[in-house]
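The values are calculated or read from the model by the stated rules, or taken from the named source; none is laboratory data. Since we're looking at a predicted model, the values are computed, not measured. Positions of Cβ are generated from backbone atoms using ideal geometry, with glycine treated the same way; all protein chains shown enter the neighbour counts.
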Amino acid sequence: MTLTIRPRRLRTSPRLRRMVRETRLEPGQLIYPMFVREGRGIREEIPSMPGQFRYSVDLLGQELERVEELEIAGVMLFGIPDPSEKDALGTPGYLEDGLICRALREARARVEDLLLIADVCLCEYTDHGHCGRLLEDPPRVDNDGTLELLSKEALAYARAGAHVVAPSDMMDGRVGAIRKSLDSAGFQETAILSYAAKYASAYYGPFREAAESAPSFGDRKSYQMDPANAREAVREVRLDLEEGADMVMVKPALPYLDIIHRVRRMSEVPVAAYQVSGEFSALCAAFAQGWLNRDQTVRETLLSIRRAGADILLTYFACEVADRIRRGDWNE
Ligand code: PBG
Ligand code: ZN
């Protein structure tokens, strides 16, 4: 044969393949989402998310020490208050002695380097399960009236020790409102990771079960994005950057690789992608059936998200991946 160009030449040995590998993943790029609940001595597995747990604040610390040892960048904390404390305005989300504030103070006392990122939203704290306060007749989410509550929540988390706040509500103008309230209280150094392009996705199902945060009526389509839209994601990202977002997120991840790619190309800030609960659970179901190989599939999936352009990965697989990278059986 007279073939002169043979791409296979660079695939002949593990060393060679590793040398020409274009995309890498390290524990320092991973963020591990965790659920914190009320109570004491509780570490309960989430039925639809095998291997993921809800922790009471007293058991959170030792888990955070384990995560820190794995050299994962940080954790994203979600709160699950007592259902009886929820109200129309999501008050338990911004009380100084609320669940996430206590968790953050406990975390600050237990770990030194681990980044503490607090999800800022109201759906876990409202009795109606929507991400903002409501207007009546017809019931709908009040964008501007919600900004003040989100700002309060972000500020409470910054005061309690969050390094980064991550608004996930998708209200217009929330990044600007949060930046302003953080700055005027002296928290100029608290960074904002905005869920900039967050889609109204069926893949949040297991999370809503885990966090007991499903809306009690309607859906989130009037604030989260339509899965059919891509240009709109660019617009959302641009607005969040103008309002002062330090990092932007695309969510979910694998079904939205094109969005990750577009966001990567249009912005200079770090881009995060959230492999959400449904992505995790669907893979786990296939692993349990023996239909997909866990290690290979997790690696391929996360590398795909990195290849599309994400710098930072939020994933429920963070701990097992960090462990594999450390043991050296990631870069086969
Ligand atoms: C709260 C929030 C959700 C997720 C992160 N923050 C759920 C939702 O919007 O209903 C989903 C995360 C996951 O599915 O893993 N707004
Ligand atoms: Zn929400």
Considering Arg265, Arg294, Arg326, Arg238, which residue is touching a residue at least 12 places away in the same chain (Cβ under 8 Å) and closer than 28 Å to Glu68 by Cβ?
-> Arg326
So is Ala318 crowded, with 19+ Cβ neighbours inside 10 Å, under 20 Å from the mean Cα position of the chain (by Cα) and more than 16 Å from ligand 1 (Cβ to nearest atom) or not?
-> no
When Gly79 is run through (1) buried (at least 22 other Cβ atoms within 10 Å of the Cβ); (2) part of a helix (DSSP H, G or I), the failure sits at (2)
What residue, among those in the range 8-26 that are farther than 17 Å from Tyr274 by Cβ and in contact (Cβ under 8 Å) with a residue 60 or more places away in the chain, is surrounded by the fewest Cβ atoms within 10 Å (Cβ to Cβ)?
-> Glu22
Can you name the residue in the range 202-241 that is among the acidic types (Asp, Glu) and modelled with pLDDT of 95 or more and, of all such residues, is nearest to ligand 1 (Cβ to nearest atom)?
-> Asp219
What tally of residues in the range 155-193 results from selecting those that are part of a helix (DSSP H, G or I), farther than 24 Å from Asp219 by Cα and in contact (Cβ under 8 Å) with a residue 12 or more places away in the chain?
-> 13
Taking the stated definitions as given, is Val120 within 16 Å of ligand 1 (Cβ to nearest atom), touching a residue at least 40 places away in the same chain (Cβ under 8 Å), crowded, with 23+ Cβ neighbours inside 10 Å and of a type in the set (Val, Ile, Thr)?
-> yes
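Conditions (1) more than 16 Å from ligand 2 (Cβ to nearest atom); (2) under 20 Å from Leu313 (Cα atoms); (3) not hydroxyl-bearing (Ser, Thr, Tyr), marked per residue:
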site: Ala196; (1), (2), (3): no, yes, yes
site: Tyr203; (1), (2), (3): no, yes, no
site: Asp246; (1), (2), (3): yes, yes, yes
site: Gln275; (1), (2), (3): yes, yes, yes
site: Glu279; (1), (2), (3): yes, yes, yes
Criterion: closer than 25 Å to Lys180 by Cα and modelled with pLDDT of 95 or more - qualifying residue of Tyr274, Tyr195, Tyr256, Tyr199 | Tyr195
